[in-house]
Amino acid sequence: MSVNNLLENWAQFRHFHPVEDKPHDPYKWAMSIDLDACSGCNACSVACYAENNIPVVGKEKYAHGQAMHWIRIEHYWDEDIGSPGGREFPEQGAQFLPMMCQQCEAAPCETVCPVGATNHTADGLNSQIYNRCIGSRYCSANCPYKVRYFNWYDYPTTDNVWPETMTRQLNPDVTVRSKGVMEKCTFCVQRLNAAMSNARSEGRKVHDGEVQTACQQACPTSAISFGNLVDPESRVAKQWARQQVELAKDKQTKDAEPGGSRLRGYRILEELRPYPSVMYLERVRESAV
Amino acid sequence: MEKDIREDIAWAQINKDVLRSLETPRPLYWVILLVALAMVGVGVGCEIYQYQTGMGVANMNNPHVWGLYIATFIFWIGMSHSGTLLSAILHLMHADWRKPIYRFAEAMTTFSLMTAGLFVMVHLGRLWQFYYSLPYPNERGLWPNFQSPLLWDAMAIFTYLSSSIIFLYVGMIPDLAICRDNMHPGWRKKLYSLLALGWEGTDRQWRNFRVTYLTVACFLIPLAVSVHSIVASDFAMSQQPGWHVTSSPPYFVAGALYSGCAAIISLFIILRYVFKFEEYMTLSILKKTSRLTFAIAMVWTYLNAVEFASVWYSHDEAAKDVLIQKATGTYAPFWWMMIFCGSVVPLMLAFKRFQANIPVLFAVSLLLNLGMWLERWMIVAPTFSHGYYPWAWDHDQWPSLVQWGIVFGSFGWFALLFMVFCKVFPSVSMYEVKEMVYHRSLALKNGETAEEGVH
């Protein structure tokens, strides 16, 4: 902290393109989610609660919209329910979409935080520093997906979400968050860091499938795949390539094709240019669940 | 045409009248003070409860992460603008009718900024760590995030607050000397002697004083514009539908001047009665203030129309949806109320017979400020209720009593600070009123001489 700070060459940190200017090497964590495979069973969400020490807020707070589900299963219903010739039972028209932090490359939440509590890591994660957060909630206000969750109450102590008998259920690798801080999906950063550290000590890179996120691990239909987008041999990179979805583009070339693309891959709210790291595969299945 | 002030008031009479306001106000003063104190009590109680339990008691949720706090914060920041308008801008334009009323307008600026500052604090999830947002030296070399509009906000507000305190104080020095010279020994005498900085009214002192006052006034004007533009940037720089509007900064500044002028009318009427200032705060000045308010109201209405039109004719479907939601959804009653209070009620001020009618003006000015508070709420809440992501739409969230209590308490806090100020410091500028009387009587005398010459 001196005058030299001001004289440094800050231009080297300036970005002209949010993705292409900072090549991720050797890792860029990304996900793809096959909506055709998703059965809406919520196992991913449960696994996430267990892995990441997420407080279960209870019925009343859930009804107030204060739930903390880092990954949530969204239900959408077909519009033809009840109309003549339409489906009779709403369940038949249910569609599911697992939604979590999209780990955007140009994250709208990062620039607005007054204290810099949310940052981009070298391996392409949107990180949250709980200790630094002062709870201005500007990040959540600017998040187009609304996937950031605020600790409205002091869950670990006063709200007693984890009674004495349950404290051993908590994951020791993950911080328990106190009241007044923002939190969100981390892509299970504790697992990633452990895997990267192991690999580094053995002088190699993390290979595909070596590390799984909790949601991916729990998914009975393997709808979620997760891995390193930089490694062209990884399952995720292959899926992205096959769907012609490119991380650095805000409009995919395939979408410009006349009549639209027949490929299923898309990213949510891509047109806002946050460059999300999660690709969804459109549902094609006609039948219910 | 009625006179702004009588030309034949003796200077000693001015001193006497203003100094009397420091000692014996009407009983209503004490009633206001007590009510304000009770309101502050409610606010403080709610804040203690929220601090202890967590922000959840405010009934905020995902997506409604900002509530009335931010809306009321903008309201108070806005309120602070007309003090600068009245004292600095009108000072440069040599509009001398501002002289009897600018002191309390400046006090209003300072205290509403202090109130606004409180809302930033109340809003924080971890109030005890608020200093992380300050660029203070620390061994880790950590800085706040200079990209964040919230940080610009904090800096703009702090600069504006400190400058307006300086402006208020500098403008008061000759008056403090008058107080010092006329008070019986006691705490007041000590206070005024300290603050008057040994003012003797020599030529040299007056010359330096004029230059200083003018410099601070010139410094303050761009600040007043920048501070509310930056508050607008909190919204305009985000990418949420309904906030991401280019015309936001001027719109916010116009809204700020508007609510400030309306507040000046309300406080004008209260002070005039409470401190028996009928001789100084004349109906003619009130008339000028209400005309000014009317003009600003029309500017605000125009900018509102610009904003709606630019959203309506844009290709931004999400922003358009938010606008439709405002006009037809859950918030429709409040939104239409805002249009009514902000654009229809001020039309009353266009009629000459209402321009100096005290009961009508009092009611109108309160309605205008209600409209302006609703405006701020209608900027914040509907966008949260109807953002980009349909799954996260929430049209039913309603702020809890804790939020309402703190908002309610803030009005008490402002009234408390303001009323205490008016009792401790002269709320009418004695030396400037004397100047005004002098200039007017001079003009009158010149006119008479000229007339004599004709005969």
Subject >> Qualifying residue in the range A:229-239 (condition: in contact with a Cys (Cβ under 7 Å, 6 or more places away or on another chain) and surrounded by 20 or more Cβ atoms within 10 Å (Cβ to Cβ)) >> reply: no
Original post:
Within the bounds of the range A:179-188, is there any residue that is within 14 Å of chain B (Cβ to nearest Cβ), more than 19 Å from the chain's Cα centre (by Cα) and modelled with pLDDT under 95?
Top reply: yes
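Here is a yes/no grid of residues against (1) charged (D, E, K, R); (2) closer than 15 Å to A:Ser32 by Cα; (3) outside any loop (DSSP other than H, G, I, E, B):
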site: A:Met196; (1), (2), (3): no, no, yes
site: A:Ala199; (1), (2), (3): no, no, yes
site: A:Val206; (1), (2), (3): no, no, no
site: A:Gly209; (1), (2), (3): no, yes, no
site: A:Gln212; (1), (2), (3): no, yes, no
site: A:Ser222; (1), (2), (3): no, yes, no
site: A:Gly227; (1), (2), (3): no, yes, yes
site: A:Val230; (1), (2), (3): no, yes, no
site: A:Val236; (1), (2), (3): no, yes, yes
**OP:** Would you please list the contacts, defined by Cβ atoms under 7 Å and residues six or more apart or on different chains, that run from a residue in the range A:130-153 that is over 18 Å from A:Gly65 (Cα atoms) and more than 7 Å from chain B (Cβ to nearest Cβ) to a residue that is of a type in the set (Ser, Thr, Tyr) and in a loop (DSSP other than H, G, I, E, B)?
**Re:** A:Tyr130/A:Thr175
**OP:** Return yes when A:Leu192 is closer than 24 Å to A:Ala37 by Cβ, of a type outside the set (Lys, Arg) and assigned to a loop (DSSP other than H, G, I, E, B) and no when it is not.
**Re:** no
Subject >> Which listed residue, of A:Cys104, A:Cys143, A:Cys109, is surrounded by 18 or more Cβ atoms within 10 Å (Cβ to Cβ) and out of contact with any helix residue (DSSP H, G or I) (no Cβ under 7 Å at 6 or more places or on another chain) >> reply: A:Cys104
**OP:** Could you tell me which residue of the range A:52-82 is surrounded by the fewest Cβ atoms within 10 Å (Cβ to Cβ), considering only residues that are touching a Ser or Thr at 6+ places or on another chain (Cβ under 8 Å) and away from every other protein chain (no Cβ under 14 Å)?
**Re:** A:Asn53
Original post:
In the set B:Val211, B:Val253, B:Val216, which member is surrounded by fewer than 17 Cβ atoms within 10 Å (Cβ to Cβ), modelled with pLDDT of 90 or more and out of contact with any Asp or Glu (no Cβ under 8 Å at 6 or more places or on another chain)?
Top reply: B:Val211
Original post:
Out of the range B:365-385, which residues are in contact with a Gly (Cβ under 7 Å, 6 or more places away or on another chain) and within 14 Å of another protein chain (Cβ to nearest Cβ)?
Top reply: B:Pro382, B:Thr383
**OP:** Output the number of the condition that B:Asn145 fails; it satisfies all remaining conditions of (1) part of a helix (DSSP H, G or I); (2) closer than 30 Å to A:Arg132 by Cβ.
**Re:** (1)
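Which of the following residues is out of contact with any strand residue (DSSP E or B) (no Cβ under 9 Å at 6 or more places or on another chain), surrounded by fewer than 19 Cβ atoms within 10 Å (Cβ to Cβ), closer than 27 Å to B:Arg272 by Cβ and among the hydroxyl-bearing types (Ser, Thr, Tyr): B:Tyr131, B:Tyr192, B:Tyr102, B:Tyr169?
Numbers: B:Tyr131 fails: closer than 27 Å to B:Arg272 by Cβ; B:Tyr192 fails: surrounded by fewer than 19 Cβ atoms within 10 Å (Cβ to Cβ); B:Tyr102 fails: surrounded by fewer than 19 Cβ atoms within 10 Å (Cβ to Cβ).
B:Tyr169 is the lone residue from the list that is out of contact with any strand residue (DSSP E or B) (no Cβ under 9 Å at 6 or more places or on another chain), surrounded by fewer than 19 Cβ atoms within 10 Å (Cβ to Cβ), closer than 27 Å to B:Arg272 by Cβ and among the hydroxyl-bearing types (Ser, Thr, Tyr).
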Original post:
Would the range B:291-309 turn up any residue that is over 23 Å from B:Val245 (Cα atoms) and touching a residue at least 60 places away in the same chain (Cβ under 8 Å)?
Top reply: yes
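Of A:Ala122, A:Ala195, A:Ala107, A:Ala117, which residue is of a type in the set (A, V, I, L, M) and facing chain B (nearest Cβ under 9 Å)?
A:Ala117
The values are calculated or read from the model by the stated rules, or taken from the named source; none is laboratory data. All of these numbers come straight from a predicted model, not from anything done at the bench. So basically every Cβ, Gly included, is an ideal-geometry build from the backbone, and we count neighbours across all protein chains shown.
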